[in-house]
Amino acid sequence: MLDNSAILAVAALAALAAGLTALSRPRLCLGILFLIASISRATLETPLGTMRPEMPAILVVAVVLLASGRFRSLSRPPRLTLAMCLAFAVYLGVLTFSSAFVAPGRSQSLHMVAWLAMSMLAGIEAFILIQPKAVEAIRPLAFGGFFIGATGILFAAAFLVAGPVFNLGVQEAYAAVPRVYGLAWEANLYASFLAICAFFALEEFREHRAMAGLAMLAAILIGFPLGITRAAYVGLGVGAVAYAVARLVVERRLHDILRLAAISVALLAVGIGASMILLPNVIQRDYAPPVTGGLVASGGTVAGAPASPAPVPTFGPSTDTMAYRMERVDVAVGELPKSPLIGFGAVSFGQENPGRYNGSGPDYIAVMFVAVLYESGVVGAAALALGFALLLASLWISALRFAARRDSRGAGTAAAFFGSIVCMLVAYQATNALPYAVSWVVIGTASALAASNTSAATLRDLFRPRQSQAGQNINMDG
């Protein structure tokens, strides 16, 4: 999509903008990091490995925050946040150890660990940038979803007019079901990203009821169906239930939930209709391929074999992607007893099975839970699961405490992050995007919100915060 010089230019501009705004306008800096990380299609090969456009910005922001002493704000986190961070650190440590000492392709595995560590660093930066005013994190994250959704709609409209030859941002343009991937690595990640962002836009619209919030929600929910991804639909549905339950339990505003649900369903219906109109396949558009098979002589006559149109592809049964994934799950489960505690290392499935291929590259496991278990073993998988469980628990407690103070905005923001994280975990069971920085920016921002409102909290507060702490808030600027 972009050549190397364009990727370098975009990465340098993002790094400069993020570095200049990290201290003076941290919310804008968070938005820049999230937006540049969402452009996952753009990569650049360097002597040190694959560079993604957000990596220079992450490094620059880290230097700025370190030089300014902002990392000191991490010294006194709430107990639940500290336990969550330790759990994620154990997962990264186990994955690093198995990649260094078990993986057949140590260099490749350690490069993958370095990418994951860089993405986790982005999550730490998001925590530091937004934690003084964590409730305000919704807008920059919603804008990231708006940008990706709007570009996806534009690419689909261009495909309708000029496709299938012009298929920028559209994968499988000549297949039975063209799908939009936009600026993401592929269609599954495009749709999953929009599903995760939908809750931020929904909350931005609910809180402010402004045209900007509605525009963000519309771009996300209309652009989302263009990815035509079942797992993202399931993730969005489960996340929506989690969001609604959280809102109902902490605020009991059924009429508000029903109003938001009606608007969201209407926008999704528009998006589904748009996917049927904007993404016709070659049969539906009566596409005639270029003429081949003959050579035109100087006098205008055809020399050699008579010219004829290339055959239009015929479509057989659609690929059974569930069976495709489960086949790899079966292989992985069968091999796991060889290293059950710490696994085989990052991206080791293709290394352990060199005869298996996914397209032109090594095979891999798409299901996040199985991939984590295979790569980091029972110890790493348990640590990661514990980290996410503690994050969700702290968000729930935070929502209860906001509601106890009658802070509807805070309670809604906590519910939005709760739904978004649940959506992420479900959608990633079909296409694992855990190493991507966007995932950890959401995790870090959610952690900042929870940490700002869970001082001295324990798991007993999941059901109802203690009355003496119901209005407590902390400032971690230190």
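Rule-based calculations on the coordinates, nothing more; no lab input. It should be emphasised that the depicted structure is a prediction, and the values quoted were computed from it without experimental measurement. Glycine also receives a Cβ, built like all others from the backbone with ideal geometry; neighbour counts cover every protein chain displayed.
Below is a table of values for the structure above.
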item	result
Computed P(r) (all Cα pairs; region 1-132; 10 Å bins; percent)	12, 36, 35, 16, 1
Computed lengthening from Asn4 to Tyr174, 0.36 nm per intervening residue step minus Cα-Cα distance	58.5 nm
Helix axis angle, 138-162 relative to the chain longest principal axis, alpha carbon, degrees	10
Mean residue ellipticity (222 nm) of the chain, computed from DSSP H runs ≥ 4 via -39,500 (n - 2.57), nearest 500	-20500 deg cm²/dmol
Zone residues, region 215-234, relative to Val265, backbone N less than 18 Å from point 7 Å out along Cα-to-Cβ	218, 221-222, 225, 233-234
Interatomic Cα distance distribution for region 328-416, bins of 10 angstrom, percent	17, 33, 18, 17, 13, 3
5 angstrom amide H check on Met51, placed H, neighbours 5+ away	Leu44, Glu45, Thr46
Long-range HN-HN contacts of Asn358 with modeled amide H, under 5 Å	Asp363
Label-point gap, in nm, between Val241 and Arg356 - each point 7 angstrom along Cα→Cβ	3.0
Simple spin-label estimate for Ala12 and Ala215 in nanometres, 7 Å along Cα-Cβ	3.1
Mean separation of Cα contacts under 8 Å (6+ apart) over length of region 351-429, as relative contact order %	24
Net charge, Cys29 excluded, C-beta distance under 15 Å - Lys, Arg +1, Asp, Glu -1	+2
Efficiency of FRET between Val249 and Ala114 - r from beta-carbon atoms, R0 35 angstrom, step 0.05	0.30
Residues with amide H under 5 Å from that of Tyr181, placed H, sequence gap 5 or more	Val170, Gln171
Size of charge dipole - the chain - debye, nearest 20, with Cβ of Lys, Arg +1 and Asp, Glu -1, no other charges	1600
Vicinal HN-Hα couplings computed from phi for region 394-407 (Karplus, 6.51 cos²θ - 1.76 cosθ + 1.60; Hz; Gly/Pro x)	5, 5, 5, 4, 4, 4, 4, 6, 4, 5, 5, 8, 6, 9
Between 0 and 90°, nearest 10: helix 437-451 axis offset from the chain longest Cα axis	20
Largest-first principal axis extents, alpha carbons of the chain, Å	93, 54, 43
Estimated inter-spin distance, Leu66 and Val161, nm [label 7 Å along Cα→Cβ]	4.8
Distance from region 73-101 to region 137-188 (C-alpha centre basis), Å	35
Under the Karplus curve 6.51 cos²θ - 1.76 cosθ + 1.60, θ = phi - 60°, whole-Hz ³J(HN,Hα) for region 7-16, x wherever Gly or Pro sits	4, 4, 5, 5, 5, 5, 5, 5, 5, 5
Cα-based equivalent ellipsoid, region 124-164: semi-axes from gyration tensor eigenvalues, Å	35, 9, 4
Rg ratio (alpha-carbon, reference 2.2 N^0.38 Å) - region 1-77	1.18
Using alpha-carbon coordinates, inclination of helix 230-251 to the longest axis of the chain, degrees	20
Neighbour net charge for Val245 - beta-carbon separation under 12 angstrom, K R +1, D E -1	+1
